[in-house]
Each structure stands twice: as C-alpha cells, then as structure tokens.
C-alpha cells in the first residue's frame, strides 16, 4: 500500500511524520511526501496545543535541552483587554502541561530529515494523477472555494510584524484586544526566521481599512510591518474525495488562530484518515462527519469568546458580538461550568477528579469553559 502526502507546510510535514512513524514497522506500507521547494513554509510565529510536542518527542526524540527548531515553551494564553471586568486573564494548560511556539521553516527542515518517509521534490498540479493508493492533499489554501462552506468568524485579515523588543521572555502567547480586533504576540527565539512574523494584528477589512489598521498597529506596538495577509474562514464540503483523496491543513479548513487549534485538528484528522485507510475503524462518512463536527465546534467556541466584548466599544466589537450559534452540546458544557467550581471542572488526569460530563467539546473540556467564564468576570474563582 502506498500513501502520498502532497505539500511541505505544517500539515504536510506533520501528516507524513505521523503516518510514517505509526507505520514504520509495516513493510507493506510506503509513505512519500511530495513538496515544491519553490513554495517555502510561511515564516510566521506559530503555536500549538499539547499534542504537538508529544508527537515530536515520541517520533523524533525532541527535547527542550537540544531544541533544534528553536521552539519556545507555551504554558497557555494570556488574554489582555478582553471582556469588561478584568484587564488580563490567563488560560493555562491543565496540570501545568506545556505546548510550544515554533517556526514552520525550521519545523519543515527538522521533520524532512526524520527518515520515516520518502521525500520527493516536485510541483504537483493534479493530485488525482499521482500513482498511489491514497493521497493526502496538504497544498495549502485553495484558489477555488466552490467546494467549501463558510465558517462564521468576524476576522478576515492580519498584518504581520517584527517586534523591536525581546518577546522570547514570556512562556505564553499573548492575545491583546485592539480597537480593530486582537493581536497575537508569539514569543519566538530572536534567531528564528519566524521572529519577523511573530506579531499579528488581526482585523476585519470590511470595517477597518488596511491603512488604518497599519496606523493603529504601529501606535499600539513597537514593530516593523513585514506582511499583509487576507484570509477566508472555511471548511471543505467533502474532506474525502472519491474515497481516495483526503484533504488536510488549509486544504481542509481555515479559521482564525485565536486558540491555536490548527495542529490539533491536523493530528485528529490524520488519526481519522488512518482509521479509514489502515484499521477499518471508521467509514469515510463517519470520518468526514466527525471532523466537520470538531471544526464547527471550534467555530462556536471562538465566536463565544467575542460575546463578552473587550475594553473597546468600537464598530468591530459591536459587529463581533452579532455572531451567534445554537448548540445543545455547547450549552451543556457551559451550564456545567457555571454549576460546578473550578476544582470539580479540572481534567481527570489531575487526580481526584469528579467531573461527570463525558468527552469534550472539540479540544476543550469543562475546565476551559469554567476558565473563560471566570476570566470574563461572570463568576468568582
């Protein structure tokens, strides 16, 4: 059996590593990554959830002592200026676990040397023509959105900047509310290529012009502007095409980076793909329904963050609060978080846990719901 992954960005490299590592003892499985060296990964500061450093440790023996990709620790997210009751609010990872901030360029080079899969340099225009049993298409943002559905979100653009101060001292991402949206500050190593794109001023271009967004960014942050990005929030109507081509990365979906869910979705989807391809644990229909549910729950969770506004009363924040959704599962988690105190809501692996709400809402458990309502001043700690 042959599996070909197309695309050398975060999703392509992670997919090839994951499948190559898990099938390394199966001589009947051939894994190949095809990428175009003329399309380098975007050197933007990136952040993960807990699963990503675990994958790198298990497959490549990554350690913070050697740290060949100049990653920095991520202990959580510091929200600044969100809501009306607190100036700052920290959403830490449970049980003091850590994720990471990294540079896609360095990650690409690191994973391609892993030896778990064959690497071929080529510009693939038509994945359907590839001679392989299965293909995982990770070629980035599609040019044609006719086969995609819109995900609801108030943001549509981002200005990247290089900081004129040392951001690496923090072991958390900063998400700073602004009049036009919010800005991520990723604590990258100063020698990392992504240092020039570790500040991201996110806004809605229908509300704020590019010129005004740049002006406001420079007034709030001591940065050098390096790039302007426009984006859509979307999800593929068919994550699996003809039972053979699986979409992943930005080919599968994109939504703003507030909670750094992308790497979690990539890995979750790779597991679903493997359950379909190798283990017969899921049907194509079940896998597609599951990942679309997870992504739509991410959409809802992010929308919820905007409902409480920020310290700014501006057209953007008025617009952001108009986004609503109906979801009984979300309501169950929300009501559970209001009903029980923080120790009760902490995840089961802490020990002595009694939370009786089974499962999670996409990548969040009751603890994250409780954390946010506390941070917004709705209940006391």
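Among the residues of the range 180-192, which ones are surrounded by 19 or more Cβ atoms within 10 Å (Cβ to Cβ) and either modelled with pLDDT under 95 or over 23 Å from residue 232 (Cβ atoms) (or both)? Walk me through it before giving the result.
Within the range 180-192, the first condition is being surrounded by 19 or more Cβ atoms within 10 Å (Cβ to Cβ), and the residues that meet it are 180-189, 192.
If the condition is that a residue be surrounded by 19 or more Cβ atoms within 10 Å (Cβ to Cβ) and either modelled with pLDDT under 95 or over 23 Å from residue 232 (Cβ atoms) (or both), then 185, 187, 188, 189, 192 are the ones that fit.
Restricting attention to the range 162-174, which residues are under 16 Å from the mean Cα position of the chain (by Cα) and surrounded by fewer than 24 Cβ atoms within 10 Å (Cβ to Cβ)?
Selection gives 172, 174.
Considering the range 64-81 alone, what residues qualify as being modelled with pLDDT of 95 or more and in contact with a helix residue (DSSP H, G or I) (Cβ under 7 Å, 6 or more places away or on another chain)?
If the condition is that a residue be modelled with pLDDT of 95 or more and in contact with a helix residue (DSSP H, G or I) (Cβ under 7 Å, 6 or more places away or on another chain), then 79 is the only one that fits.
Condition check: within 17 Å of residue 266 (Cβ to Cβ), surrounded by 18 or more Cβ atoms within 10 Å (Cβ to Cβ) and touching a residue at least 40 places away in the same chain (Cβ under 8 Å). Does residue 79 satisfy that?
So residue 79 fails the test.
With the range 134-189 as the region, which strands (runs of 3 or more DSSP E) entirely inside it contain at least 2 residues that are within 22 Å of residue 80 (Cβ to Cβ)?
157-163, 173-178, 181-185
Listed residues 14, 1; which is touching a helix residue (DSSP H, G or I) at 6+ places or on another chain (Cβ under 6 Å) and either farther than 20 Å from residue 123 by Cβ or free of Cβ contacts under 8 Å to residues at least 24 places away in the same chain (or both)?
14
Output the residues belonging to the range 190-204 that are without any contact (Cβ under 8 Å) to a residue 60 or more places away in the chain and either touching a helix residue (DSSP H, G or I) at 6+ places or on another chain (Cβ under 8 Å) or part of a strand (DSSP E or B) (or both).
Within the range 190-204, 201, 202 qualify.
Which residue pairs have Cβ atoms closer than 7 Å, lie 6 or more positions apart in sequence or on different chains, and pair a first residue in the range 329-347 that is within 15 Å of residue 364 (Cβ to Cβ) with a second residue that is outside any helix (DSSP H, G or I) and modelled with pLDDT of 90 or more?
Here the result reads 329/361; 330/361; 333/361, each pair linking the range 329-347 to a residue that is outside any helix (DSSP H, G or I) and modelled with pLDDT of 90 or more.
Working carefully through the options 110, 79, find the one that is in a strand (DSSP E or B) and under 20 Å from the mean Cα position of the chain (by Cα).
On inspection, the qualifying residue turns out to be 79.
Among the residues of the range 365-378, are any more than 24 Å from the chain's Cα centre (by Cα), modelled with pLDDT under 90 and surrounded by fewer than 18 Cβ atoms within 10 Å (Cβ to Cβ)?
Taking the range 365-378 and keeping what is more than 24 Å from the chain's Cα centre (by Cα), we get 377-378.
Then keep just the ones that are modelled with pLDDT under 90; that gives 377-378.
Imposing the further condition that a residue be surrounded by fewer than 18 Cβ atoms within 10 Å (Cβ to Cβ) reduces the set to 377-378.
Yes: one or more hits.
Of the residues 292, 328, 339, 285, which single one is under 26 Å from residue 95 (Cβ atoms) and out of contact with any helix residue (DSSP H, G or I) (no Cβ under 9 Å at 6 or more places or on another chain)?
Exactly one residue qualifies, and that residue is 339.
Check 17, 55 and return the single one that is at pLDDT 95 or above and either part of a helix (DSSP H, G or I) or more than 21 Å from the chain's Cα centre (by Cα) (or both).
Answer to the selection: 17.
Of all residues in the range 246-265, count the ones that are assigned to a helix (DSSP H, G or I), modelled with pLDDT of 95 or more, over 11 Å from residue 136 (Cα atoms) and under 10 Å from the mean Cα position of the chain (by Cα).
The total comes to 1.
Identify, please: which residue in the range 93-107 is surrounded by fewer than 19 Cβ atoms within 10 Å (Cβ to Cβ) and touching a residue at least 24 places away in the same chain (Cβ under 8 Å) and is, among those, farthest from the chain's Cα centre (by Cα)? Write out each step before concluding.
Step one: filter the range 93-107 for residues surrounded by fewer than 19 Cβ atoms within 10 Å (Cβ to Cβ), giving 93-98, 105.
Then keep just the ones that are touching a residue at least 24 places away in the same chain (Cβ under 8 Å); that gives 93-95, 97-98, 105.
Working: 93: 15, 94: 18, 95: 21, 97: 17, 98: 15, 105: 17 Å.
By that ranking, first place goes to 95.
Given (1) in contact with a helix residue (DSSP H, G or I) (Cβ under 6 Å, 6 or more places away or on another chain); (2) assigned to a strand (DSSP E or B); (3) more than 25 Å from residue 73 (Cα to Cα), identify the lone condition not met by residue 207.
Status for residue 207: all satisfied but (2).
Evaluate the following for residue 154: is it surrounded by 18 or more Cβ atoms within 10 Å (Cβ to Cβ), closer than 24 Å to residue 371 by Cβ and under 21 Å from the mean Cα position of the chain (by Cα)?
yes
Just to check your reading of the model, which residue among 235, 225 is over 20 Å from residue 10 (Cβ atoms), at pLDDT 95 or above, touching a helix residue (DSSP H, G or I) at 6+ places or on another chain (Cβ under 8 Å) and not in a loop (DSSP other than H, G, I, E, B)?
On the way: 235 fails: over 20 Å from residue 10 (Cβ atoms).
So the residue among 235, 225 that is over 20 Å from residue 10 (Cβ atoms), at pLDDT 95 or above, touching a helix residue (DSSP H, G or I) at 6+ places or on another chain (Cβ under 8 Å) and not in a loop (DSSP other than H, G, I, E, B) is 225.
So which residues in the range 33-52 are buried (at least 20 other Cβ atoms within 10 Å of the Cβ) and in a loop (DSSP other than H, G, I, E, B), if there are any at all?
41, 43, 44, 45, 48, 49
Run residue 28 past the list (1) within 21 Å of residue 265 (Cα to Cα); (2) in a loop (DSSP other than H, G, I, E, B) and report the number of the one that doesn't hold.
(1)
Which residue pairs have Cβ atoms under 6 Å apart, sit 6 or more places apart or on different chains, and have a first residue in the range 227-251 that is on the phi < 0 side of the Ramachandran plot and in contact (Cβ under 8 Å) with a residue 40 or more places away in the chain and a second that is exposed (fewer than 15 other Cβ atoms within 10 Å of the Cβ) and in a loop (DSSP other than H, G, I, E, B)?
Taking only residues 6 or more apart or on different chains, the pairs are 237/147; 250/141.
The values are calculated or read from the model by the stated rules, or taken from the named source; none is laboratory data. Every value quoted in this text rests on a predicted model; they were computed, and no experiment measured them. With ideal geometry, Cβ positions are generated from the backbone for all residues, glycine too; neighbour counts draw on all protein chains shown.
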